[in-house]
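One structure is given here, and the rest of the page talks about it.
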Amino acid sequence: MFCKNCGKEIDDKAAICIYCGVPTTQNEKPQQQETTNTLAVVGFVLSFFIALAGLICSIIGYKHAPKLGGKGKGLALAGIIISVISMVIAFLYCILYFVFLYLVGTGGVALASII
Ligand SMILES: [Zn+2]
């Protein structure tokens with residue numbers, strides 16, 4: 001290759017030009033590569049507290065994982081599963097609560113007390 005500064009031919013592997021000392025880096029700025037799948041981590045943590053937000057972050061993190069060489073894929077998947085489970089539990093709790101209210105409202109107090 002040729003030096004961008006002085007134009008002299010230099011070694012392809014040379015980090016700096018041996019004639020003028022100017023760096024020969026072809027890529028001006030090395031691409032900032034993400035080291036962790038932040039969304040997967042955030043989604044995993046959120047899945048314990050705010051299931052819906054955790055689910056959304058985990059899904060995005062899961063889709064983002066291949067770009068990071070599969071980083072955080074397992075974590076994102078765990079976040080999705082935990083979010084879904086906590087939402088199902090919350091949903092069942094709601095149903096149980098309304099069933100309870102219904103039974104109390106209809107005078108089925110004896111039945112409700114069993115639950
Ligand atoms: Zn040079």
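General observations
- Longest segment of the chain lacking trypsin sites (Lys or Arg not before Pro) that sit in a DSSP loop with at most 15 other Cβ atoms within 10 Å: 14-115
- In this structure, the amide hydrogen of Ile16, modeled 1.01 Å from its nitrogen in the peptide plane, lies closer than 5 angstrom to those of Thr24, counting only residues at least 5 positions away or on a different chain.
- Each residue of region 57-73 was assigned a 3J(HN,Hα) from its phi angle through the Karplus curve 6.51 cos²θ - 1.76 cosθ + 1.60 (θ = phi - 60°); the sequence is 4, 5, 5, 5, x, 5, 5, 7, 4, x, 5, 9, x, x, 5, x, 5 Hz, with glycine and proline shown as x.
- Mean residue ellipticity (222 nm) of the chain, computed from DSSP H runs ≥ 4 via -39,500 (n - 2.57), nearest 500: -19000 deg cm²/dmol
- Quick note on the chain: its Rg to Rh ratio, both from C-alpha atoms and Rh being the Kirkwood radius, is 1.54.
- Proximal charge balance of Gly79 [Cβ under 15 Å; K/R count +1, D/E count -1]: +3
- Count, lysine Cα pairs under 26 Å in the chain, 8 or more residues apart or across chains: 8
- Summed residue charge, Cβ within 14 Å of Tyr19's Cβ, Lys/Arg positive, Asp/Glu negative: 0
We did not get these values from a lab; they are worked out from the coordinates using the rules stated. Being a predicted model, the structure only gives us computed values, none of them experimental. Cβ: placed from backbone, ideal geometry, glycine included. Neighbour counts: every protein chain shown.
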